[in-house]
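Engineer: Here it is, the structure, as structure tokens.
Taken together, the values in this text are just the output of simple stated rules run on the coordinates, not laboratory data. Computed from a predicted structure; not experimentally measured. Cβ coordinates were reconstructed from backbone atoms using ideal geometry, including for glycine residues, and neighbour counts include every protein chain displayed.
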Amino acid sequence: MFTGLVESIGKLVSITPSKDVYHLKIEAPDIASELIFGQSVAVSGACVTVTSHDNRFFSADIMPETQKRTKFRLSKPGSLVNLERALTASGRFDGHIVSGHIDGIGRVAEIISMGITHVMRVETDESIAQMIVEKGSIAIDGVSLTVIDAMSNSFSVGLIPTTLQECTLGTIQEGEILNIETDILGKYVLKFMNLQRSNKPVSSNLTMEQLREMGW
């Protein structure tokens, strides 16, 4: 589990297809020496497992499903990536619950500068947009953000100066592709509501009106 608070910015050295997986090599001098074999790291929001490392680089493998669902299929060597190690049991929980399981991608439609802050509008598939709620949480390239507004195929988020300085979103341009992970709580609510609409039996007395009253 992750929090969406970026520890470090790394660089994609290579992404190499193999028989059943893709091999990632990441330059990460700030954290590479502290990693251990088998450790989980979020790379621009996607959870990967460390397969090897030294004092400057680490490697990981990703499944074809991850390659297909994330922006890694479009990434080129030299691309910057956000890095976060998995939360420890004794760690402080900030941000929001981030699983590292990417739902899909979005495209930066517009970036509006508002002094020292930015508002970024992202377009995405309706299947993803339906899980995004106004004032809810979302992880974009592994960064925990609050949704300003949500529409049928797009949403907006605010980027404060610290976010712009400490992660790759500070250099993002209109038209670029981003990894998106919606709030896991929203996914479960949507699943419940779909079951209710299909008239399948559910073991709960929760109603639509109660969900609205609770902010859903």
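Engineer: Provide, in order from the shortest bin, the percent of all Cα-Cα pairs of the chain in each 10 Å bin, continuing until the bin that contains the maximum pair distance.
Structural biologist: 8, 32, 34, 19, 6, 0
Engineer: Now for a different question. How big is the equivalent ellipsoid of region 8-85 along its three axes, where each semi-axis is √(5λ) from the Cα gyration tensor, reported in whole Å from largest to smallest? Please list the in-between numbers first.
Structural biologist: On the way: eigenvalues 66, 35, 24 Å².
Each semi-axis is the square root of five times an eigenvalue, giving 18, 13, 11 Å.
Engineer: Only Cα pairs within less than 10 Å get springs; with that Gaussian network setup on the chain, which residue of 75, 144, 113 has the largest fluctuation?
Structural biologist: 113
Engineer: Relative contact order, percent, of the chain when contacts are C-alpha pairs under 8 Å separated by at least 6 residues?
Structural biologist: Values: 484 pairs, mean separation 46.2, N = 216.
Relative contact order for the chain comes out at 21 percent.
Engineer: Please report the net charge: other residues with Cβ closer than 12 Å to the Cβ of residue 55, K and R +1, D and E -1. Working shown, then result.
Structural biologist: Details: positive: 56; negative: 27, 30, 34, 54.
Net of charged neighbours comes to -3.
Engineer: Related question: Please report, in whole Å, how far the alpha carbons of region 61-107 spread along each principal axis, starting with the longest.
Structural biologist: 36, 24, 23
Engineer: Cut-off 10 angstrom, C-alpha nodes, Gaussian network model of the chain. Which of 13, 119, 189 fluctuates the most?
Structural biologist: 189
Engineer: How many percent of all Cα-Cα pairs in region 104-193 sit more than 20 Å apart?
Structural biologist: On the way: 1068 of 4005 pairs.
Value for region 104-193: 27 percent of Cα pairs lie more than 20 Å apart.
Engineer: May I pose another question? At 7 Å along the Cα-to-beta-carbon direction for both residue 123 and residue 198, put a label point, then send me their distance in nm to one decimal.
Structural biologist: According to this spin-label approximation, the distance is 3.1 nm.
Engineer: Let me ask something else about it. Set Lys and Arg Cβ to +1 and Asp and Glu Cβ to -1, take the dipole of the chain about its Cα centre, and tell me which of 120, 144, 23 lies farthest positive.
Structural biologist: 23
Engineer: Enumerate the residues in region 123-154 having an amide nitrogen under 12 Å from the point lying 7 Å beyond the Cα of residue 107 toward its Cβ.
Structural biologist: 123-125
Engineer: Could I ask something else about it? Return the sequence-ordered ³J(HN,Hα) values of region 3-12 in whole Hz as given by the Karplus equation 6.51 cos²θ - 1.76 cosθ + 1.60 applied to θ = phi - 60°, using x for Gly and Pro.
Structural biologist: 10, x, 9, 5, 8, 7, 9, x, 9, 6
Engineer: By how many degrees, between 0 and 90 and to the nearest 10, does the Cα long axis of helix 184-197 differ from the longest principal axis of the chain?
Structural biologist: In the chain, helix 184-197 runs at an angle near 40 degrees to the longest axis.
Engineer: Can you list residues from other chains, or at least 5 along the same chain, whose modelled amide H is less than 5 Å from the amide H of residue 13?
Structural biologist: 25, 26, 27, 78
Engineer: Hey, another quick one. Anyone know which of 59, 154, 127 comes out most mobile in the 10 Å Cα GNM of the chain?
Structural biologist: Its mean-square fluctuation being the largest, the pick is 127.
Engineer: Under a Cβ-Cβ cut-off of 11 Å, what is the net charge of the residues other than residue 78 that fall near it, where Lys and Arg count +1 and Asp and Glu count -1? Don't skip to the end; give the middle numbers.
Structural biologist: On the way: positive: 11, 76; negative: 27.
Neighbour charge sum, excluding residue 78 itself: +1.
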